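Chemist: Got a structure for you, questions after.
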Amino acid sequence: MSVEAVKRNKVVGCILCGGKSRRMGGTDKALLDLNGTALLEHVASRLHKQVVQSVLSVNEPSGLHESLGLPMLTDELEGHLGPLAGVHSSLNWVRQNAPDASDVVTVAVDTPFFPKDLVETLAASRIANAGAPIICSSGGRDHFAFGLWPVALADPLKEYLLEGGRSIKGFFKDYPPVIVEFELQNAIDPFFNINTPEDIPVALEHIAQLQVQ
C-alpha cells in the first residue's frame, strides 16, 4: 500500500501534545529548539507527508501551535485524563469533520524520528484487522502513543474514560491491539523520545547522523 493509497483512505494524523513535561522542568517540549526548528515543527512536517489531514491534541496552545494553522483539539472530557482523552477527542473530531476517514494515527510530539512509512505500514496491517487498534513496537518495547485507531472506537474510549479508566494498556484488555514491529533506522530507534534535558544532545546527534547518511 503506497502513501498515496493511504491518503486516499483518508487517515487523519493527530499529534499528542498534552503532556506536562515534568522531566523537562515544566518547559513545553513542543517548543524545544532542534537545529533551529521547534520539535513540534519537526513532528508536524514528518506526519504531514503521510496523512490527508493533521490535527493537534493540545489543551494549552502556544503561538507556535497556532502558527501551524491546524485544527487544535482540547480534551472533550474534563479532568486531565491523560493521552487517551486526546485520542478520544481526535476520533470524535474525525467522526464529525471527516466522515469518510476510517482511522486516526497518533504520534507523540516528543518523538521526532518516527518512521517516514509509519502510516503506510500500519495501514497495511489494517487490511486483515478491521476493528483493532494497531500499535507500534521497536526493540521489544511497545509504544502506545503511536498507533492507528479506528474511528469506531470513539464511544468505547469515552465509556472507558468515564468509568475511571486511564491507561492505554488497560483499555487494551477489552480491545486487544495488533502490534507492528519497526526496525532501527541507521542504528537509531525511530521511537526515541525526548523526555529530559539530557536527551536533547542525543537527538541532535541523531539529526546529524541521519543528515550525513
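Chemist: Quick check on the range 67-75. Is at least one of its residues at positive phi and either β-branched (V, I, T) or open to solvent by 20 Å² or more (accessible area, probe 1.4 Å) (or both)? I'd like the intermediate steps shown before the answer.
Modeler: If we filter the range 67-75 for residues that are at positive phi, which is where we start, we get 69.
After this cut, where a residue has to be either β-branched (V, I, T) or open to solvent by 20 Å² or more (accessible area, probe 1.4 Å) (or both) as well, the list is 69.
Yes, the conditions are met somewhere in the range 67-75.
Residues are listed down the side, and each one gets a yes or a no for (1) in contact with a Leu (Cβ under 8 Å, 6 or more places away or on another chain); (2) open to solvent by 10 Å² or more (accessible area, probe 1.4 Å):
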| position | (1), (2) |
| --- | --- |
| R95 | no, yes |
| D110 | yes, yes |
| I134 | yes, no |
| G139 | yes, yes |
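Chemist: Is there a residue in the range 11-19 that is at negative phi and over 13 Å from the mean Cα position of the chain (by Cα)?
Modeler: The initial filter retains those residues of the range 11-19 that are at negative phi, namely 11-19.
Add one more test, that the residue is over 13 Å from the mean Cα position of the chain (by Cα), and what stays is none.
No, the range 11-19 contains no residue that is at negative phi and over 13 Å from the mean Cα position of the chain (by Cα).
Chemist: Another question, then. For A101, state whether it is within 23 Å of A30 (Cα to Cα) and either open to solvent by less than 10 Å² (accessible area, probe 1.4 Å) or not in a helix (DSSP H, G or I) (or both). Please lay out each step first, then the result.
Modeler: On the way: within 23 Å of A30 (Cα to Cα): no; either open to solvent by less than 10 Å² (accessible area, probe 1.4 Å) or not in a helix (DSSP H, G or I) (or both): yes.
No.
Chemist: Quick one: in the range 51-62, which of the residues that are out of contact with any strand residue (DSSP E or B) (no Cβ under 7 Å at 6 or more places or on another chain) and either at pLDDT 95 or above or open to solvent by 50 Å² or more (accessible area, probe 1.4 Å) (or both) is farthest from S90 (Cα to Cα)?
Modeler: Of the range 51-62, the ones out of contact with any strand residue (DSSP E or B) (no Cβ under 7 Å at 6 or more places or on another chain) are 59-60, 62.
With the extra rule that they be either at pLDDT 95 or above or open to solvent by 50 Å² or more (accessible area, probe 1.4 Å) (or both), the set shrinks to 59-60.
Values: N59: 13, E60: 16 Å.
The qualifying residue farthest from S90 (Cα to Cα) is E60.
Chemist: Related question: Out of the range 113-156, which residues are in contact (Cβ under 8 Å) with a residue 12 or more places away in the chain, assigned to a loop (DSSP other than H, G, I, E, B) and under 17 Å from E183 (Cβ atoms)?
Modeler: F113, F114, P115, K116, D117, G139
The values are calculated or read from the model by the stated rules, or taken from the named source; none is laboratory data. Here the structure is a predicted model, which means the values were calculated and not measured. Using ideal geometry, Cβ is built from the backbone for each residue, glycine included, and neighbour counts are taken over all protein chains shown. Side chains included, ligands, DNA and RNA excluded: accessible areas come from the protein's heavy atoms. Shrake-Rupley method; radii C 1.70, N 1.55, O 1.52, S 1.80 Å.
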